[in-house]
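*Asks:* Let me give you the structure first, and then I'll get to my questions.
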Amino acid sequence: MTEDLRPATVAVTAGRPPHEPDQPLNAPITMAATYVAGGDLEYGRYGNPTWTALEDVLGALEGGRCLTFASGLAAVATVLDLVAQGGIVVAPAHSYTGTLLQLADLEARGRIQARLVDITDTEAVAAACDDAALVWFESPTNPALELADIPAIAAAAHEAGAVVVVDNTFATPLLQRPLEMGADIVVHSATKYLAGHSDVQMGAIMTNDDQVYGVLKGRRDLLGAIPGTFEAWLTLRGVRTLHLRVERAQANAADLAERLAAHPAIGEVRYPGFGGIVSIVLAEGAMAADLLCRKTRLWIHATSLGGVESTLERRRRWKAEPATIPDGLVRLSVGIEDVEDLWRDLATALDDLVG
Ligand SMILES: *Cc1c(COP(=O)(O)O)cnc(C)c1O
């Protein structure tokens with residue numbers, strides 16, 4: 001049924017109870033640590049009807065089967081755990097810092113070998129796929145907003161026999177569906193756009209490979225990085241408006257990217273042409289960037305992204321952010337407010353910097 005429907009309709013309609021008299025319209029919050037014996041669920045760590053409702057929607061949106069996790073990094077860790085002892089993992093040098101820290105930690109313990117690449121250099125990435133067990137990428141990358149050629153890299157990785165994983169947190173399944181572009185596994189920090197209100201931590205994995213799904217489900221059962229039931233319900237509620245939020249955030253971001261490029265305080269604007277994240281590099285560097293984050297009044301100085309409210313931060317304030325990310329780079333997570341108010345607030349703060 002969901003195959004014939006457009007994404008906006010899937011976001012609204014999937015994962016609901018059957019249309020029958022006295023059924024609620026929404027999946028209830030099922031608080032249960034155990035179930036009466038003899039069925040499929042048996043115990044709270046193995047499954048929950050509220051997770052299933054959310055997984056039905058997220059899976060339908062990405063075009064695969066979905067498993068949800070306690071956080072994006074729990075999902076990342078579960079996927080990286082697929083790599084056999086000593087296996088090679090190819091990943092972008094500019095990735096989410098938590099992913100980079102996990103790779104470094106696994107490498108330091110001799111679990112894997114990490115090969116960090118410039119994900120925009122398709123030929124170099126293809127060459128790095130040689131003997132790799134897993135090829136990981138983000139596109140757009142966080143926070144440099146570089147784009148990868150997903151189909152070309154997936155083909156090269158498959159030729160080398162590697163599993164292809166895309167972290168699709170920034171694009172969302174509305175703007176990019178990596179499973180259709182050759183990826184084997186998609187990972188999300190559902191904390192960001194999918195939940196969308198900066199009030200839940202949640203992760204998700206999608207795949208079309210039943211064997212991989214079974215292995216990942218087995219790891220979740222055993223390691224226990226399961227989502228909270230209330231968090232799953234909140235994420236499900238958030239997903240119902242995903243298309244509206246992404247549409248507005250993207251329209252605001254495209255508009256702001258253009259206006260920002262003309263401001264004398266800004267050295268560089270990075271906007272990949274889609275999505276709601278814009279990175280700007282302040283002409284005067286880190287101090288100006290820190291000042292900007294303190295001066296805005298609507299824009300909230302905070303880490304994370306993908307919420308309804310606009311936030312900003314200088315990424316290099318985090319020790320784990322690679323030194324190749326400019327010191328004065330501020331990542332803007334554009335929200336769904338009125339763009340004129342967002343611009344006035346930013347412009348006032350920026351004018352102050354050059355005035
Ligand atoms: C935030 C983020 C993660 C980690 O997700 P958490 O929910 O914070 O654990 C992973 N990948 C990307 C691209 C992210 O932005």
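*Asks:* Of all DSSP beta bridges located in the chain, what percent are antiparallel, nearest 5?
*Replies:* In the chain, DSSP labels about 55 percent of beta bridges as antiparallel.
*Asks:* If I fit a long axis through the Cα atoms of helix 339-354 and take the longest principal axis of the Cα atoms of the chain, what angle between them do I get, 0 to 90°, rounded to 10?
*Replies:* On a 0 to 90 degree scale, this one is about 40.
*Asks:* To one decimal place, what Kirkwood hydrodynamic radius in Å is obtained for region 243-354 from all pairs of distinct Cα atoms?
*Replies:* 13.7
*Asks:* Test of understanding: what is the full-extension gain from Leu223 to Ala32, defined as 0.36 nm times their sequence separation minus their Cα-Cα distance?
*Replies:* Computed gain between Leu223 and Ala32 is 66.9 nm.
*Asks:* Between exposed GluC sites (Glu not before Pro) in the chain, where DSSP calls loop and at most 16 other Cβ atoms lie within 10 Å, what's the longest gap?
*Replies:* Result, exposed sites excluded: 43-283.
*Asks:* I would also like to ask the following. On a 1.4 Å probe surface of the protein chains, which of Lys295, Lys217, Lys192, Lys319 comes out largest in accessible area, and what is the full order?
*Replies:* In descending accessible area the options line up as Lys319, Lys295, Lys217, Lys192.
*Asks:* Can I ask one more? Looking only at region 243-354, where both bridge partners belong to it, what percent of the DSSP beta bridges are antiparallel (to the nearest 5)?
*Replies:* 85
*Asks:* Any idea how far apart Trp343 and Ala8 come out in nm if each label point goes 7 Å out from Cα toward Cβ?
*Replies:* 2.4
*Asks:* Take the Cα atoms of the chain, find their three principal axes, and give me the spread along each one in whole Å, biggest first.
*Replies:* Here the spans come out as 72, 53, 35 Å, largest first.
*Asks:* Relative to the longest principal Cα axis of the chain, at what angle does helix 286-295 sit, 0 to 90 degrees, rounded to 10?
*Replies:* 80
*Asks:* If you average the alpha carbon positions of region 256-292 and of region 180-203, how far apart do those two centres end up, in angstrom?
*Replies:* Cα centroid of region 256-292 versus Cα centroid of region 180-203: 25 Å apart.
*Asks:* How many angstrom lie between the C-alpha centres of region 51-80 and region 105-173?
*Replies:* 20
*Asks:* Pop out the carbon and sulfur fraction of the accessible area of the chain as a percent, whole number, probe 1.4 Å.
*Replies:* Roughly 53 percent, rounded to a whole number.
*Asks:* I would also like to ask the following. Testing the spin-label approximation: label points 7 Å from Cα along Cα→Cβ at Asp130 and Asp105. State their distance in nm.
*Replies:* Reported label-point gap for Asp130 and Asp105 is 3.2 nm.
*Asks:* With the calculation restricted to Cα positions, what are the radius of gyration and Dmax of region 295-355 in angstrom?
*Replies:* Cα-based Rg and Dmax for region 295-355 come out at 12.4, 34 Å.
*Asks:* Enter the accessible area per residue of region 243-354 (Å², integer; probe 1.4 Å; all protein chains in place).
*Replies:* 45
*Asks:* Rolling a 1.4 Å sphere over the protein heavy atoms, what is the accessible area per residue of region 26-165, to the nearest Å²?
*Replies:* I get 40 Å² per residue for this part.
*Asks:* Using the Cα centre of region 243-354 as origin and beta-carbon charges of +1 (Lys, Arg) and -1 (Asp, Glu), tell me which of Ala302, Val334, Leu282 is placed farthest towards the positive end of the dipole.
*Replies:* Ala302
The values are calculated or read from the model by the stated rules, or taken from the named source; none is laboratory data. Everything quoted here is computed from the prediction, not taken from an experiment. Cβ coordinates were reconstructed from backbone atoms using ideal geometry, including for glycine residues, and neighbour counts include every protein chain displayed. Keep in mind that these areas ignore ligands, DNA and RNA; they rest on the heavy atoms of the full protein, side chains included. Shrake-Rupley method; radii C 1.70, N 1.55, O 1.52, S 1.80 Å.
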